[in-house]
1. Once region A:18-91 is represented by equal point scatterers at the alpha-carbon sites, with solvent omitted, what log10 I(q)/I(0) does the Debye formula produce at q = 0.13, 0.16, 0.17 Å⁻¹?
2. Just for the protein assembly as shown, what percent of DSSP beta bridges are antiparallel, to the closest 5?
3. In percent, how large is the relative contact order of chain B, given Cα pairs closer than 8 Å and 6 or more residues apart?
4. Given a Förster distance of 22 Å, report the FRET efficiency between A:Leu336 and A:Leu356 from their Cβ-Cβ distance, rounded to the nearest 0.05.
5. Expressed in nm to one decimal, what extension gain is obtained for the pair B:Gln172 and B:Ala265 from 0.36 nm per residue of sequence separation less their Cα-Cα distance?
6. Rounded to whole Å and sorted largest first, what semi-axes of the equivalent ellipsoid does the C-alpha gyration tensor of region B:4-221 yield via the square root of 5 times each eigenvalue?
7. Give the value in nm², to one decimal: projected area of the alpha carbon convex hull of chain A, averaged over all directions.
8. Please grab the % of Cα pairs in region A:208-316 that end up more than 18 Å from each other.
Amino acid sequence: MLFLSQLLALIRKELLAILKDPSSRTLLFAPALMQALLFGYGATYDLTHAPFAVLDQSRSAASTEIVARLEGTGVFHRIATLENTSQIAGQIESGDALLVLQFQPDFAAKLAGGAEAPVQVILDGRNSSTAGLASAYVSSIVAGYNADQGATTPLTIVRRAWFNPNFESRWNLMPALIASLSMLQTLMLAALSVAREREQGTFDQLLVTPLTPTQILIGKALPSILVGLLQSTIIFLIIRYWFGIPMNGQVWLMYLGLVTFTTAAVGLGLSISAIALTMQQAMLYTFIVIMPLMLLSGLLTPVQNMPEILQWATYANPLRFGIDLVRRVYLEGATLREVSFDFIPLLAVAAVTLPLAAWLFRHRLS
Amino acid sequence: MAEISFKRVSRRFGNTPAVDNVSTTLESGRFLALLGPSGCGKTTLLRLIAGLERPDEGEIALGGQVVAAPGRFVEPEQRALGMVFQSYALWPHMSVAGNIGFGLNRLPRVEREARVLDALRMVGLGDMFDRKPHELSGGQRQRVALARSLAARPRILLLDEPLANLDAHLRQSMLAEFRRIHAATGCTMVFVTHDQNEAMAVADQVGVMDRGRIEQMATPMDLFDRPATPMVARFVGNGRTLPVTVQERLADRTCRIRIGDRTIAVPGQVAHGPGWLCLHPRDLSPSTEGIAGTISAVRFEDGYYLADVLLDALPEADALPLRLPGPARQGEKLRIALRGGWVLPRDGVPETPIAAPAEVRRGVPA
C-alpha cells in the first residue's frame, strides 16, 4: 500500500512534468500525427506515374496493341515517340522518361513466324526500385498480351500476393510505424527524464526522499511507457481509419506486444539518462543510439539482406522485434503462439536495461 | 537528535582524495558548519553523510547505527535525513505544498497536510502553499526547500551551501532562520559553506577543511584564539602567520618569542624552536611603541583605512593587515603593537602559504 501510494505520487510528478509544459505537451501529439500522415503519403514506392517513350520500328498491329495496353493502365504515360535509336539515350539521361520501349523492325515478322520476338525495355536504373516495379509491370502486360493471342507461350505465371494484394508499399511500411515512430519519442522522453532532474539538481533530492530506486525506476518508466502507447494508438488509428489498411490480427495482442516493446525502449532510454549528466548529453546519446536502431530494424530494408554479423546485432534491437510483431499481428493476423519468439528479445532487453538504469541512478560512472 | 561519527573515512575521485582519512564525531543536536576553500572536500563529506557517495574506506555511523562500512551500506532513503541544496532543487511543475508533501506519502492525508502547513509556517511562508516555484523569489524558494526537508522531521538536516545563490541581506535573515529552526527542532545540522562569516554566525561548531582533511573542529572563538594549524590561522578571519623563534614556554600558557629585535610573550604552548606567530587584524594596533614596519598598500574599507604593513625585521613574511584611524601613504613608516595572537610550532619544512579565496581577503577584519 505504502509502496503504491509513494509510487503514485512519483508518477503524478512525472506526468505533471510532461504535461504541464506546453511545448512538451504539443510534442506528445503533433509529431506522431504529422509523421504518420507524412509517411503514409510521402514514403511510398508504389508506381503511380511512369513516363515512357516509344521507338516503334516495326509499326505493326502487335506493337501498337502493346503500347495501347501500357497506356491503358493509367500508370504509364507516353511522353515521346522516337524515330531512331540515337534518341533513346537523351530520353533516359534527361530523366524525362523512366523507360523506353523499343520494337525492332522484324518484331512483327518474328511474331508471325512463331519465333521469339523480343521487346526491348530500357530503364532508368538510377531509381532502382521504381524501375524494377515498372519493368515488372511491363512484363506482366506483355505476358497478358501473349496469353490473349492464343497461348504461344504454354506457361503463364499467375502472381497472387498475400497480405497485400496490390503490393502497396504503404501497407508494409505503415504498421511498422506504430512501433518505430513512437519509439523515437519514448526513448527521448525517458532519456531526458533523469537527465533533466540531474540538471535541475533535483535528482539528489529524489534520492534522499524515502523512495527506493525501484520506485524511482517504475515512476520514471511508467509515464514514458504511457506516452509511447498513446502515440502508438494515434498512429494505429490513422493507419486503420484514415488510410484504411485492414487489420487482420487481434488488437489486444498488438498492444501486448507494444507494451513489451515500449518497456524495452524506455529501459534503453532510462539507461542513457542515468549515464548522462545533462539534458544535452542525453539528447546526443539518444541520437547516436537511434540511427543504428532504425537502420537495423527491418523498417526499410529486410534484416535477411544484412550481413550475418549485423543480423546478430539486431537481436539486441527492440525495434526489430517490435516492428516484426506489429506487422505480423496487423497484416498476417498472427496469433500469440506465432509471434511468441518476438517477445523473448524484447523481454531480455527490458530485463537488462531497466535494472541497469536503477543501478546507474546510484552508481553514476564518475 | 543523532550523533554523526566518522572513522578513518576516505573517498577518492580517481587519484584525488576528496575526503582523506577523516575521523571525527559530531554530538547529537549540534550545529556544525563545514568551512573551507573550494575543492576542500566539504561537500563530499556532506554527501557521504547523506549516502549520495560511498566511502572507499572507513566507517560512518549515524545515531549509533553504522550506515557505511566495508560490506555495509544503508541507502540514502533509509537514513531519515533531510537535505537542502544550493540550487533549491524544487520540482518546477509542482506547487509549494506538492513539493513539501512529496516525500510524506507514508502519512495519512490529514497529517500530511498538517505537516506541510507546519513546515511552511516554520519558514514563514504559511500562505504560499499553492504557489509554483517560479512565482517565488530566490529566498522564498530556499525557504520552501528548507520546509520540505523539515516536514519529514529528519534526525539530521544537511545544508549544502544553501545561501550561495542569495543576496547578502537575505543571507543574514536566512542565517537567523537556520539558528531558530535548529533551536526549535533540536536536530543535528551540518551546514556546508565557503563563507566563514556565514559559518561562524550560524554554527556552534566549525570544521575547517583543507585538501580532504578536517584541520580543526572547534567553536568559532577557538578557531580565532587557538588555531590548530597554520592553514586554519591563515584561513580564518583574514589571519597572517609570521615565522618567529620560540625562546621559552612559560608557565601561564604563554610563550616568549623573538620577533625581529623584540622579545614578547604570546599565548601558546610551544617548546623552544622555530614557530609561527598567528595574528588577526584584531591583535594589531598602531602605536608609538612597538615593532617597526612599512606600509606597502592602503585601501579604504568598511569605514577604516586598512593598511598592509611589512615588518622591517621580516620583509619576506606576510604583510599584516592594520586598521588606521586616518589616511596614510604607501611607504610610510610606523610601529605596531601586538595584543594577543597565538603561537604554533613550525616544522622543519616551511609551510607553503595557502592562498585564501578572494572573498576571504576582502573579508571584514574581525
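The values are calculated or read from the model by the stated rules, or taken from the named source; none is laboratory data. What you see is a predicted model; the values in this text were computed from it and never measured. Counting neighbours? That spans all protein chains shown, and the Cβs are built from the backbone with ideal geometry, glycine included. Surface areas here come from the heavy atoms of the whole protein model, side chains and all, with no ligands, DNA or RNA. Shrake-Rupley method; radii C 1.70, N 1.55, O 1.52, S 1.80 Å.
1. -0.59, -0.72, -0.77
2. Values: 69 of 98 bridges.
Restricted to the protein assembly as shown, the bridges split so that about 70 percent are antiparallel.
3. Values: 815 pairs, mean separation 56.4, N = 366.
Over chain B, the number comes to 15 percent.
4. Numbers: r = 28 Å, r/R0 = 1.28.
That pair, A:Leu336 with A:Leu356, gives E of 0.20.
5. Working: separation 93, 0.36 × 93 = 33.48 nm, distance 3.82 nm.
Value of the extension gain: 29.7 nm.
6. Details: eigenvalues 165, 79, 46 Å².
Rounded to whole Å, the semi-axes are 29, 20, 15.
7. Details: hull surface 94.9 nm².
For chain A, the mean projected area of the Cα convex hull comes to 23.7 nm².
8. Values: 3844 of 5886 pairs.
For region A:208-316, the fraction of Cα-Cα distances above 18 Å is 65 percent.
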